[in-house]
Structures are given as C-alpha cells and as structure tokens.
Amino acid sequence: MKNTSLVKQHLALKAKMVPFAGYNMPLEYSGVIKEHMAVRDSAGIFDVSHMGEFWVKGKNAIKLLQKITTNDVSKLSVGQAQYSILTNGKGGIVDDLIIYRYEDDKYMTVVNAANIEKDWEWFNSKNTYNAELENASDSMSLIALQGPKAKSILQQITDVDLDAIQSFHFTTNIVAGEKEVIISNTGYTGAGGYEIYCYNESAGKIWDALIKAGEPDGLLPTGLAARDTLRLEMGYSLYGNDIDDSTSPIEAGLGWVVKFVAGKDFIDRPLLEKQKKDGVLRKLVGFEMIGRGIPRHDYELVNKSDEIIGKVTSGTMSPILQKGIGMGYIKSEYAKVGEKIFVKIRNKAIEASVIKMPFI
C-alpha cells in the first residue's frame with residue numbers, strides 16, 4: 001500500500017483512510033454530505049495524488065497520441081488540455097484521460113490510478129514512433145480545489161491571474177512559494193475550480209496554505225466518497241464502473257471526444273465509425289428514482305414486464321436532489337428521455353425515469 005505525500009495531513013485531520021487503487025486514501029473527513037455541500041456552496045480540497053502522470057515528448061509525440069487516443073490532439077495549443085479516450089483494439093476503453101500540451105513537443109497525460117501499470121504498458125506497446133515516454137506518477141502530487149470560492153482562495157497564494165486561465169487551459173507558475181506548479185482549470189465535480197500538479201516535496205506546503213486561505217470561506221478537506229457523489233450528480237463516468245474494456249465510447253455517450261477527422265488513423269476508428277453510423281444495442285443513460293430507493297452498482301434494470309433491460313453502473317442518493325440517482329447501460333429502445341424503467345432493489349421493481357444528464 002502506497003501513501004501519498006499528504007498522508008500526514010490526512011491523519012492530522014482525522015480522515016477515515018481506506019485502500020484505493022493501491023494507495024492509502026482519505027474516504028471522508030467530516031462526513032460525505034457535509035463535504036459534498038461544501039464543494040457545491042463554497043469549496044473543497046481533495047488529495048488525488050494517486051492519479052498517474054505520463055510525459056510524452058519529442059517530435060513524434062503527437063503521432064503516438066493521435067494513434068492511441070480518440071480526440072484530435074492536433075487541435076491543442078500550448079497551455080490547453082483535452083479530455084480523451086484510449087481504445088483497446090476491440091472497441092472497448094483502456095482508460096479515459098486528460099492530455100495537456102505543455103510545450104510544442106511535450107505533452108502530459110493524466111490517467112486513472114487503478115490503470116497506471118496497464119496504461120503505461122499500453123503506451124509503450126504502441127510506441128512505434130520512438131516518442132520519449134516518462135512515467136512521472138511517483139514523483140508528482142495532485143491537489144484538486146473545487147467549488148465556487150476556489151478561485152478567490154487560490155488567488156491568495158499565487159500571483160497568477162486566475163481569471164486569465166480559461167476552462168481546460170493551464171499555466172505553470174509559483175504557488176505558495178513553490179516553483180514549477182501546474183495550475184489547471186479542470187475538475188471532476190462540476191462545481192468549477194482547479195487542479196494543482198506539483199512535485200511531491202511541494203505538496204504539503206501548498207495543501208497547508210490552501211487550508212489556511214480557505215478557512216474563512218468554509219473550505220473543507222474532502223474525500224473520495226464525496227468526490228464520487230459530486231461526479232455522479234454531473235453524470236461523469238467513472239472508469240471501472242461506467243466505462244471499461246467492454247464498453248465503447250459510443251455506447252457510453254462519449255462520441256463527442258471521438259473525432260473522425262482526416263489523417264487521424266486512431267485505434268478502433270473503423271469500428272467506432274460503424275457504431276456511430278449504424279447505432280448501438282445499448283446506451284449509458286442517467287435515471288432518477290420516482291419510487292423510494294437508492295440504486296447501487298450491478299442492480300438490475302427492468303421494464304414494466306419485469307424483463308431485464310440493463311444494469312446499474314453507478315448510483316447514490318443525491319445530496320442536492322434528495323432522491324436516488326444512477327447511471328446504467330440499457331437496451332437502446334429504452335434510452336429515450338422520459339422513459340419509465342424500474343430498478344430491482346431487494347427483489348422489488350422500483351420505478352425510475354430516464355433523464356438527460358447532468359442531474360443538476
């Protein structure tokens with residue numbers, strides 16, 4: 001079990017620690033709902049240093065990235081980031097990731113913690129272009145500062161003009177006196193905010209400075225549990241739940257990051273083009289409960305005749321809506337907004353309705 005560079009801070013804050021993706025991580029500090037609402041109303045600070053970072057460098061870096069990812073990397077300017085997908089050669093998803101164009105021929109890719117080893121092998125196995133690859137996962141920390149007051153809190157400890165960093169853009173500068181810190185206007189909560197990449201030795205100082213700066217505004221340290229409820233309210237997919245090696249980006253509603261542009265011969269392009277043209281047999285949808293109940297991962301989804309039409313991939317009680325919400329793959333004919341479906345909870349079929357995401 002690995003610890004992040006911030007384990008001392010978590011223990012001092014009396015976090016409930018749990019194993020996650022090979023790391024000892026904070027699940028919660030003051031309670032999931034309290035932390036969730038702090039992010040929606042004020043701000044929350046997350047340690048997400050378990051995420052993986054790979055550098056892809058050299059004149060052929062873009063060729064490798066164009067081959068293995070579905071989005072169009074050529075559209076990125078220096079200082080811009082992009083959400084994308086790694087496809088596995090069978091129409092499934094190796095991982096979802098964010099690509100940062102750091103310099104003309106230097107990119108940083110950020111991958112999911114549980115997939116670091118798998119993704120690293122995938123990058124190397126497809127690197128017929130002799131791009132320079134570096135796995136920096138063990139030397140970098142990542143702090144997420146999310147919520148409507150994130151900007152004013154972060155601005156107190158950096159001279160960077162945060163208003164100048166547009167969504168899915170970034171800059172590298174000094175934060176809390178620490179040099180070479182990447183400030184990225186990205187996040188996984190839908191509440192707005194920043195992700196801060198730094199060397200491990202800088203993480204503690206930056207974390208402590210943010211906690212101090214945010215205290216008057218109600219900033220709370222926030223764990224993985226609230227991170228999950230926050231992303232689910234926004235309809236963001238979680239790898240291992242909503243997307244994996246058996247789901248295609250088209251089925252998952254991620255066709256917007258699959259770019260069939262001239263000259264981009266990415267893995268699985270013909271298969272995904274066919275799916276987009278002909279349609280798919282199942283789709284990932286969001287649904288909210290009409291009857292009382294909380295949908296959970298792997299619960300069956302049925303129609304009014306009690307025939308199985310799919311399965312729940314993610315579900316929770318929404319702190320904002322005060323009702324059960326979920327995501328799941330269902331047969332395409334039931335995927336229309338407003339369609340009534342049913343969740344099997346303890347052998348009872350509880351009514352739900354397909355909705356257009358996000359939930360809030």
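Residues being touching a Leu at 6+ places or on another chain (Cβ under 9 Å), aliphatic (A, V, I, L, M) and surrounded by fewer than 19 Cβ atoms within 10 Å (Cβ to Cβ): count how many of those fall in the stretch 1-35.
3
Tell me which residues, restricted to the stretch 317-345, are assigned to a loop (DSSP other than H, G, I, E, B), in contact (Cβ under 8 Å) with a residue 40 or more places away in the chain and either touching a strand residue (DSSP E or B) at 6+ places or on another chain (Cβ under 9 Å) or basic (Lys, Arg) (or both).
Result: LEU321, ALA335.
Name the pairs: first residue in the stretch 111-130 and assigned to a helix (DSSP H, G or I), second residue surrounded by fewer than 19 Cβ atoms within 10 Å (Cβ to Cβ), Cβ to Cβ under 6 Å, at least 6 apart or on different chains?
Once the first residue is assigned to a helix (DSSP H, G or I) and sits in the stretch 111-130, its partners that are surrounded by fewer than 19 Cβ atoms within 10 Å (Cβ to Cβ) give ALA113/ALA21; ALA114/ALA21; TRP120/ASN135; PHE123/LEU133.
Please indicate, with yes or no, whether at least one residue in the stretch 288-304 is closer than 21 Å to LEU230 by Cβ, in contact (Cβ under 8 Å) with a residue 40 or more places away in the chain, crowded, with 21+ Cβ neighbours inside 10 Å and in contact with a helix residue (DSSP H, G or I) (Cβ under 7 Å, 6 or more places away or on another chain).
No: the stretch 288-304 contains no residue that is closer than 21 Å to LEU230 by Cβ, in contact (Cβ under 8 Å) with a residue 40 or more places away in the chain, crowded, with 21+ Cβ neighbours inside 10 Å and in contact with a helix residue (DSSP H, G or I) (Cβ under 7 Å, 6 or more places away or on another chain).
Across the stretch 225-278, which residue is surrounded by the fewest Cβ atoms within 10 Å (Cβ to Cβ) among those that are polar (S, T, N, Q) and closer than 14 Å to ASN88 by Cβ?
The extreme case among them is SER246.
Which residues, counting only those in the stretch 87-122, are buried (at least 21 other Cβ atoms within 10 Å of the Cβ) and among the aromatic types (Phe, Trp, Tyr)?
TYR100, TYR107 - these are the residues of the stretch 87-122 that are buried (at least 21 other Cβ atoms within 10 Å of the Cβ) and among the aromatic types (Phe, Trp, Tyr).
Give the residue, chosen from THR189, THR158, THR222, that is touching a Lys or Arg at 6+ places or on another chain (Cβ under 7 Å), at pLDDT 95 or above, among the polar types (S, T, N, Q) and within 29 Å of LYS14 (Cβ to Cβ).
Just a single option satisfies the conditions, and that option is THR189.
For the stretch 69-89, give me each residue that is among the polar types (S, T, N, Q) and either more than 20 Å from LEU271 (Cα to Cα) or more than 20 Å from the chain's Cα centre (by Cα) (or both). So that I can check it myself, show each step before the final result.
Applying the first criterion (among the polar types (S, T, N, Q)) to the stretch 69-89 yields 69-71, 74, 77, 80, 82, 84, 87-88.
Correct list: SER74, SER77, GLN80, GLN82.
The values are calculated or read from the model by the stated rules, or taken from the named source; none is laboratory data. Computed from a predicted structure; not experimentally measured. Glycine also receives a Cβ, built like all others from the backbone with ideal geometry; neighbour counts cover every protein chain displayed.
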